[in-house]
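Some notes on the structure that comes next.
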Amino acid sequence: MNVLIVLTSHDELGSTGRTTGFWLEELAAPYYRLKDAGATITLASPKGGRPPLDP
């Protein structure tokens, strides 16, 4: 089983200047459940590169 997880590329909350990104637990919970089930997981972001982590 192959799984693609797409994470955000946005690192700023609108035009507020506040930082944002993906919430780690929202990635970790399904990631490890799928990995334990034998899935091959690919992570991606719309702009490419490393997705920003919500501080």
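The values are calculated or read from the model by the stated rules, or taken from the named source; none is laboratory data. Everything numeric in this text was worked out from a predicted model, so none of it was measured. All Cβ positions, even for glycine, are placed from backbone atoms using ideal geometry, and neighbour counts span all protein chains on display. For accessibility, only protein heavy atoms count, side chains too; no ligands or nucleic acids. Shrake-Rupley method; radii C 1.70, N 1.55, O 1.52, S 1.80 Å.
Within the accessible area of region 2-44, the carbon and sulfur atoms contribute 53%, probe 1.4 Å, all protein chains present. Can you tell me the 0 to 90 degree angle between the C-alpha axis of helix 24-36 and the longest principal axis of the chain, rounded to 10? Taking the Cα atoms of the chain, the angle to 24-36 is about 10 degrees. A helix-only calculation puts the chain at -7500 deg cm²/dmol for mean residue ellipticity at 222 nm, using -39500 (n - 2.57) for each DSSP H run of at least four residues, averaged over all residues. Protection proxy ranking of 16-24, 36-44, by the mean of other Cβ atoms within 10 Å over each peptide's residues and highest first, is 16-24, 36-44. Globularity index of the chain is 1.27 (Cα radius of gyration / 2.2 N^0.38 Å, N = number of residues).
I need to check one value: relative contact order of the chain, counting alpha carbon pairs closer than 8 Å and at least 6 residues apart, in percent.
RCO, the chain: 54 percent.
The charge dipole of region 2-44, taken about its Cα centre with unit charges on the Cβ atoms of Lys, Arg (+1), Asp and Glu (-1) only, comes to about 100 debye.
Looking at region 2-44, the accessible area is 76 square angstrom per residue; that uses a 1.4 Å probe and ignores ligands, DNA and RNA.
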